[in-house]
Amino acid sequence: MVLSGVGAPLQHTYVLPCGGEVVCQGLSYAEHEGDAQGGCLAKAGHVTGMTQWPAGRILCDFLVGQPPTGARAAELGCGLGLVGLVFAASNPSASVLLTDGDEPCVQRAASNAAAQPSGRAPAVAAQLLWGDAAACRALCAEGGRFDIVLGGDLVYGESRGGGLSEGTGQDNVASLFQTVAALLSDAPGAAFLLGFQRRSIPLSAVLEEAAARGLAAEVPPGGWCEDLFNGRTEEFSDTWQLAVLRFTRAAPDVARARALVLLQAAEASDD
């Protein structure tokens with residue numbers, strides 16, 4: 001994978017291992033990191049989805065390394081649409097829906113989808129606020145639920161506009177998994193793939209919300225990255241405290257048991 005470009009606007013270019021590339025127009029990560037609160041984007045009138053975040057890039061790497069199959073895929077909190085478009089490039093027979101709660105991101109994702117080379121899976125963009133049950137039913141009414149739901153870097157310490165209203169980070173995570181449960185197919189093999197970066201919301205809270213919705217988590221082969229559970233703060237790398245998590249449907253008690261096993265195994269690996 002290569003992400004290139006300097007300045008604003010930035011061209012995010014993801015080079016596919018089989019040849020070709022996915023190109024998305026956006027802003028640079030550095031522009032968002034201009035101050036601790038991302039003020040550079042805010043002052044320019046942009047939202048956080050206008051750049052590409054590390055956990056989204058990790059998820060792209062996973063998608064091209066182990067391409068999941070499915071006739072219908074939806075990306076939540078798509079921002080520029082890079083994750084969904086990488087999936088489309090790897091699954092040319094699929095249909096892909098790019099969704100975001102922020103209208104500027106929906107417009108940018110639609111523009112990026114339209115600019116992709118022909119011969120790839122069709123991708124369209126639509127606004128979707130997490131927790132909007134009626135909107136989820138409408139999206140599923142025509143073609144059914146989705147075989148694959150994707151999300152890159154969706155878990156933050158406070159609401160970032162994905163939910164129906166501003167709220168705590170925990171509220172936002174609850175709305176996220178409510179939406180995933182509404183969109184994801186019941187068919188065997190259906191999965192929600194989340195590029196996760198540990199921030200102020202602990203992974204245990206994320207797994208608990210998922211289990212309450214009947215979604216069991218695992219770290220798929222190739223989805224594990226550095227120090228996800230380690231409390232150290234004195235070092236950093238592009239993959240530090242990042243992982244790809246796969247959620248599949250299961251009874252809530254089974255999902256909670258699998259979450260406990262995952263947490264215990266990961267914590268033991270840090271000893």
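The values are calculated or read from the model by the stated rules, or taken from the named source; none is laboratory data. This is a predicted model, so every value here is computed, not measured. Don't worry about glycine lacking a Cβ; one is built from the backbone with ideal geometry, like all the others, and counts go over all protein chains shown.
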Give me the residue from segment 148-174 that is in a loop (DSSP other than H, G, I, E, B) and either crowded, with 21+ Cβ neighbours inside 10 Å or more than 16 Å from the chain's Cα centre (by Cα) (or both) and, out of that set, modelled with the lowest pLDDT. S165
Answer yes or no as to whether A55 is under 19 Å from F192 (Cβ atoms), under 17 Å from the mean Cα position of the chain (by Cα), part of a helix (DSSP H, G or I) and modelled with pLDDT under 90. yes
Is segment 194-204 home to any residue that is more than 16 Å from the chain's Cα centre (by Cα) and of a type in the set (A, V, I, L, M)? no
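Just checking, does segment 24-32 include any residue being farther than 28 Å from T248 by Cα, modelled with pLDDT of 90 or more and surrounded by 14 or more Cβ atoms within 10 Å (Cβ to Cβ)?
Yes: segment 24-32 contains one or more residues that are farther than 28 Å from T248 by Cα, modelled with pLDDT of 90 or more and surrounded by 14 or more Cβ atoms within 10 Å (Cβ to Cβ).
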What is the one condition in (1) of a type in the set (D, E, K, R); (2) without any contact (Cβ under 8 Å) to a residue 40 or more places away in the chain; (3) under 23 Å from L63 (Cα atoms) that E103 does not satisfy? (3)
Tell me yes or no: at least one residue of segment 99-115 is at pLDDT 90 or above, touching a strand residue (DSSP E or B) at 6+ places or on another chain (Cβ under 6 Å) and under 25 Å from P188 (Cα atoms). yes
Which of the residues belonging to segment 124-143 are closer than 24 Å to A114 by Cα and assigned to a loop (DSSP other than H, G, I, E, B)? L128, L129
Filtering segment 63-82 down to residues that are part of a strand (DSSP E or B) and either surrounded by 24 or more Cβ atoms within 10 Å (Cβ to Cβ) or free of Cβ contacts under 8 Å to residues at least 40 places away in the same chain (or both) yields A73, A74, E75, L76
Looking at (1) closer than 20 Å to A182 by Cβ; (2) in a helix (DSSP H, G or I); (3) of a type in the set (A, V, I, L, M, F, W, C), which is the one condition that is false for L85? (1)
For segment 106-132 the number of residues that are farther than 15 Å from L63 by Cβ, over 16 Å from the mean Cα position of the chain (by Cα) and among the hydrophobic types (A, V, I, L, M, F, W, C) is 5
